[in-house]
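The next block holds one structure in the form of structure tokens; read it before the comments.
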Amino acid sequence: MSRRSRAVSAVGILERRPNIPRTINVGSLIPCADNSGAQILKIIQVHGIKTRRRQHPCACVGDLVSVTVKKGPIDLRKKPMHAVIIRQRKPWRRPDGTWIMFEDTAAVLVTPEGDLKETEIKGPVAREAAERWPRIANAASIIV
């Protein structure tokens, strides 16, 4: 029986992704948590997700998604934009053993490069999203 090389397993440890359940489906309507004026966002695509055939792509905290504004100013509506998920209702377990969940699922609008479009974020931001997106961490008032 062959044994796995230690060099191969070390690469997996460096690129370890937190085990957060992907529960935000394409087509979901979520609130916008910044001061852009957008109120309701609809997810139309999840970036960087590879799924098997006929499986719908889902998002979790810290993921970059494409959205359209369903409720908000007329100049923001009916255009595809990028957003980052900063909170989700589904509880998940962190590596230190704590469980965390939020009251709602929310996102903030960003540019394709990852910069915030607006200046303020309403409500708390998950630590996983703040570590992955430093511009969001700078604008966040509370990081949980």
Checklist outcome for this item: Among the residues of the stretch 93-105, the number that are under 14 Å from the mean Cα position of the chain (by Cα) and surrounded by 14 or more Cβ atoms within 10 Å (Cβ to Cβ) is 2
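Can you tell which of V69, V108 is assigned to a strand (DSSP E or B), within 13 Å of the chain's Cα centre (by Cα), among the aliphatic types (A, V, I, L, M) and crowded, with 21+ Cβ neighbours inside 10 Å?
Numbers: V69 fails: within 13 Å of the chain's Cα centre (by Cα).
Testing whether each residue is assigned to a strand (DSSP E or B), within 13 Å of the chain's Cα centre (by Cα), among the aliphatic types (A, V, I, L, M) and crowded, with 21+ Cβ neighbours inside 10 Å leaves just V108.
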Item to check | Selection from the stretch 73-114 of residues that are within 14 Å of W133 (Cβ to Cβ) and without any contact (Cβ under 8 Å) to a residue 12 or more places away in the chain | outcome: E113
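Residues in the stretch 41-61 that are closer than 16 Å to S28 by Cα and of a type outside the set (G, A, S): how many? Walk me through it before giving the result.
If we filter the stretch 41-61 for residues that are closer than 16 Å to S28 by Cα, which is where we start, we get 41-47, 55-61.
Now restrict to residues that are of a type outside the set (G, A, S): 41-47, 55-58, 60-61.
Qualifying residue count for the region: 13.
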Item to check | Within the stretch 115-139, considering residues that are in a loop (DSSP other than H, G, I, E, B) and touching a residue at least 40 places away in the same chain (Cβ under 8 Å), the one nearest to A33 (Cα to Cα) | outcome: K122
Checklist outcome for this item: Residue pairs qualifying under the 7 Å Cβ cut-off, at least six apart or on distinct chains, with the first in the stretch 12-38 being more than 19 Å from F102 (Cβ to Cβ) and among the hydroxyl-bearing types (S, T, Y) and the second being surrounded by 13 or more Cβ atoms within 10 Å (Cβ to Cβ) and at pLDDT 85 or above, are S36/L76; S36/L109; S36/K117; S36/E118
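Looking at L14, L41, L29, which is the one that is modelled with pLDDT under 95 and either on the phi < 0 side of the Ramachandran plot or exposed (fewer than 13 other Cβ atoms within 10 Å of the Cβ) (or both)? Outline the logic, then answer.
Values: L41 fails: modelled with pLDDT under 95; L29 fails: modelled with pLDDT under 95.
None of the others qualify; the one that does is L14.
Based on what the data block shows, is A59 farther than 16 Å from I20 by Cβ, out of contact with any Asp or Glu (no Cβ under 8 Å at 6 or more places or on another chain) and surrounded by 22 or more Cβ atoms within 10 Å (Cβ to Cβ)? Walk me through how you get there before you give the answer.
Working: farther than 16 Å from I20 by Cβ: no; out of contact with any Asp or Glu (no Cβ under 8 Å at 6 or more places or on another chain): yes; surrounded by 22 or more Cβ atoms within 10 Å (Cβ to Cβ): yes.
Considered against the rule, which asks whether it is farther than 16 Å from I20 by Cβ, out of contact with any Asp or Glu (no Cβ under 8 Å at 6 or more places or on another chain) and surrounded by 22 or more Cβ atoms within 10 Å (Cβ to Cβ), A59 comes out as no.
The values are calculated or read from the model by the stated rules, or taken from the named source; none is laboratory data. Because the structure is predicted, anything quoted here is derived from the model rather than measured. All Cβ positions, even for glycine, are placed from backbone atoms using ideal geometry, and neighbour counts span all protein chains on display.
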